[in-house]
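Accompanying notes for the structure given below.
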Amino acid sequence: VQLQASGGGLVQAGGSLRLPCAASGRTFSIYRMGWFRQAPGKEREFVATISWSGGSTDYADSVKGRFIISRDNAKNTVYLQMNSLKPEDTAIYYCARKVGSSTYTVPSEYDYWGQGTLVTVSS
């Protein structure tokens, strides 16, 4: 399994970006997926998650109401739409596949990770 995140870049505060994460393999559609981010000098933190069907989503409080996670199982792709971006959203964003049975906010519950895409929000 390989995950390829893309779509990062430099954007002004208040702007938007859409991050796609393309997955290889035929079993993508049966797994919950998540997005995490890691800012310089900080630990990796949970951003958003989506169930295998797309019917259930959840977000970190810091992005709730601004970010939207979605997926297209026919394209083996999960997306993170980021709106109203703030300088504190600056980080490397990672997509990951969840396999554990514990809470989805914990990075150790995910087995495969994309390489990350850098998002920089200027003030």
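The values are calculated or read from the model by the stated rules, or taken from the named source; none is laboratory data. Remember, predicted model here, so these are calculated numbers, not experimental data. All Cβ positions, glycine included, derive from the backbone under ideal geometry; neighbour counts span all protein chains shown. SASA here: full protein model, heavy atoms, side chains in, ligands and nucleic acids out. Shrake-Rupley method; radii C 1.70, N 1.55, O 1.52, S 1.80 Å.
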Inset, instruction - Provide the packing ranking of 78-84, 12-18, 111-117, i.e. peptides ordered by the mean count of other C-beta atoms within 10 Å per residue, highest first. - result: 78-84, 111-117, 12-18
Inset, instruction - Count the lysine pairs in the chain whose Cα atoms sit under 23 Å apart, keeping only pairs 8 or more residues apart in sequence or on different chains. - result: 6
Legend entry - Residue-normalised accessible area of the chain, expressed per residue, 1.4 Å probe, Å²: 51 Å²
Inset, instruction - For the chain, with all protein chains present and a 1.4 Å probe, just round the carbon and sulfur fraction of the accessible area to a whole percent. - result: 49 percent
Inset, instruction - Report the full-extension gain for the segment residue 122 to residue 42: residue separation times 0.36 nm, less the Cα-Cα distance, to one decimal in nm. - result: 26.9 nm
Inset, instruction - Could you pull out every residue, at least 5 positions away or on a different chain, whose amide H is within less than 5 Å of the one on residue 52? Hs are placed 1.01 Å off N in the peptide plane, and Pro or chain starts have none. - result: 32
